[in-house]
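Visitor: Dropping the structure in here first, questions after.
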Amino acid sequence: MKLKNVIALSLLGICGETIISSANISYVYATKDKYASINKEITDTLQQNKGWATGKLDENGSSTDSGTPNDAFNWANYITNIKYTGKTKIEISVTNDFKSLDSDTKKDTISQAENSAAAILLDHKKVNDDDLIKGLNVKILCHHVLIGTSTGHHTYSFH
């Protein structure tokens with residue numbers, strides 16, 4: 001039942017609800033994720049990169065059962081999600097297998113994921129060339145637990 005209807009029925013004594021003075025009512029509005037379309041594009045691009053990594057997509061991005069895995073996109077297999085959170089900030093979620101990679105491979109994987117998102121953010125004018133030179137503010141998560149961050153200029157620290 002809508003809040004307005006509950007208040008009206010309460011005032012009339014028809015509903016068993018407690019009467020609440022209007023001064024104590026707080027309205028909560030569900031806000032639409034203002035970056036939803038950008039995050040969808042980032043997700044779609046990640047999925048395409050995974051398809052190339054596994055050979056499930058051909059060079060045109062079409063599904064194939066006889067494709068050859070492309071090692072240049074192998075980094076995408078360690079990424080579960082990339083999310084733009086505003087300004088120059090992104091969150092990169094990784095697989096459990098990511099944690100067993102050597103340090104250089106971890107850094108390369110996150111750098112590739114950051115660059116993939118950065119290209120989209122640049123297209124949408126959410127970042128500029130100077131932001132990209134400095135590097136994005138990156139949080140690296142595994143199962144919602146922070147396992148690393150960027151330290152500027154495309155360098156990363158893992159916990």
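The values are calculated or read from the model by the stated rules, or taken from the named source; none is laboratory data. Just so it is clear, the structure is predicted and the values come from calculations on it, not from any experiment. A quick note on method: Cβ atoms are made from the backbone with ideal geometry, for glycine too, and the neighbour counts reach across all protein chains shown.
Visitor: Are there any pairs with C-beta distances below 9 angstrom linking a residue in the stretch 68-79 that is closer than 14 Å to residue 110 by Cα to a residue that is in a loop (DSSP other than H, G, I, E, B), with the two at least 6 apart or on different chains, and if so which?
Guide: Filtered contacts from the stretch 68-79: 77/95; 78/95; 78/101; 79/95.
Visitor: What residue, of 92, 147, is assigned by TED's automatic domain parsing to the domain that holds residue 43 and within 21 Å of residue 37 (Cβ to Cβ)? If you could, list the steps in order and put the result at the bottom.
Guide: Working: 147 fails: within 21 Å of residue 37 (Cβ to Cβ).
One residue alone meets the criteria, 92.
Visitor: Pick out the one residue from 17, 59 that is outside any helix (DSSP H, G or I), at pLDDT below 95, at negative phi and touching a helix residue (DSSP H, G or I) at 6+ places or on another chain (Cβ under 7 Å).
Guide: Values: 59 fails: touching a helix residue (DSSP H, G or I) at 6+ places or on another chain (Cβ under 7 Å).
Within the list 17, 59, the selection yields 17.
Visitor: Only one of these conditions is not met by residue 106: (1) crowded, with 17+ Cβ neighbours inside 10 Å; (2) within 18 Å of the chain's Cα centre (by Cα); (3) under 24 Å from residue 74 (Cβ atoms). Which number is it?
Guide: Failing condition for residue 106: (2).
Visitor: Any chance you could count how many residues in the stretch 48-63 are surrounded by 14 or more Cβ atoms within 10 Å (Cβ to Cβ) and among the polar types (S, T, N, Q)?
Guide: Within the stretch 48-63, residues that are surrounded by 14 or more Cβ atoms within 10 Å (Cβ to Cβ) and among the polar types (S, T, N, Q) number 3.
Visitor: Might you check whether a residue that is in the same structural domain as residue 80 (by TED's automatic domain parsing) and in a loop (DSSP other than H, G, I, E, B) occurs anywhere in the stretch 111-122?
Guide: Pass one, the stretch 111-122, residues in the same structural domain as residue 80 (by TED's automatic domain parsing): 111-122.
Of the ones still in play, those that are also in a loop (DSSP other than H, G, I, E, B) are none.
Within the stretch 111-122, not a single residue is in the same structural domain as residue 80 (by TED's automatic domain parsing) and in a loop (DSSP other than H, G, I, E, B).
Visitor: Scan the stretch 65-94 residue by residue and report those that are of a type in the set (S, T, N, Q) and surrounded by 14 or more Cβ atoms within 10 Å (Cβ to Cβ).
Guide: Residues of the stretch 65-94 that are of a type in the set (S, T, N, Q), as a first pass: 66, 68, 70, 74, 77, 80-81, 85, 88, 93.
Those that are of a type in the set (S, T, N, Q) and surrounded by 14 or more Cβ atoms within 10 Å (Cβ to Cβ): 70, 74, 77, 80, 81, 88, 93.
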